[in-house]
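The values are calculated or read from the model by the stated rules, or taken from the named source; none is laboratory data. All values derive from a computational prediction rather than experimental measurement. All Cβ positions, even for glycine, are placed from backbone atoms using ideal geometry, and neighbour counts span all protein chains on display. These accessible areas exclude ligands, DNA and RNA; they are computed on the full protein's heavy atoms, side chains included. Shrake-Rupley method; radii C 1.70, N 1.55, O 1.52, S 1.80 Å.
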Amino acid sequence: MSSKKNVCKKGRQNWATPGWFSRCIENELGPFDVDVCAEEWSAKCAEFHTIKTDGLAQSWAGKRFFCNPPFSGIIAWLRKGYEVVRDEGAFGVYVLPSTTDTEWFHEWATRG
């Protein structure tokens, strides 16, 4: 595995998903119930969680979720999503950096 950290080379930990991009995803897959990892100004759904409401601590069971996690915390968000999809009937879409040389990518991106 690579020794690279889960951090963007530019040092920034989060990037807002452009509205046009999230609308394209919704046009293809249908609407989302909750944006589980948002800023108040960048939320893609009426229901959303910020760092204050801690999306990782909330239930996503049975929900259609959208997630653009902070780069340094990707694994925790992927683990939660994997578990709620597998065990609790959720459906989710992640927007992630294309860092295919990172450990998290090899551990989580290939899971079915």
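Only bridges whose two residues both fall in region 18-93 count here: according to DSSP, what percent of them are antiparallel, nearest 5?
If we restrict to bridges inside region 18-93, about 0 percent are antiparallel.
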Taking the Cα centre of the chain as the origin, how large is its charge dipole in debye, to the nearest 20, when only Lys and Arg (+1) and Asp and Glu (-1) carry charge on their Cβ atoms?
-> 400 debye
How far is helix 19-29 tilted off the main Cα axis of the chain, in degrees rounded to 10, range 0 to 90?
-> 70 degrees
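Quick one: longest stretch of the chain between exposed loop GluC sites (Glu not before Pro), exposed meaning at most 15 other C-beta atoms within 10 Å and loop per DSSP?
Numbers: sites that count: Glu39, Glu40.
Answer - 41-112.
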Between helix 74-88 and the chain: long-axis angle, C-alpha atoms, 0 to 90°, nearest 10 = 50 degrees
At 222 nm, what helix-only mean residue ellipticity would the chain give, in deg cm²/dmol to the nearest 500, using -39500 (n - 2.57) for each DSSP H run of four or more?
-> -8500 deg cm²/dmol
What does the accessible area of Val85 come to, in Å² to the nearest 10, when a probe of 1.4 Å is used?
-> 70 Å²
Column: log10 I(q)/I(0), Debye, Cα scatterers of region 45-96, q = 0.24 Å⁻¹ = -0.96
Report the chymotrypsin sites (Phe, Trp or Tyr not before Pro) located in region 13-80 that are in a DSSP loop and have at most 16 other Cβ atoms inside 10 Å of their Cβ, or state none.
-> Trp15, Trp41
Considering only Ser72, Cys37, Thr17, whose Cα is most displaced toward the positive end of the charge dipole of the chain, charges sitting on Cβ of Lys, Arg (+1) and Asp, Glu (-1)?
-> Ser72
At most 15 other Cβ atoms within 10 Å and a DSSP loop assignment: could you name the trypsin sites (Lys or Arg not before Pro) in region 29-75 that fit?
-> Lys52
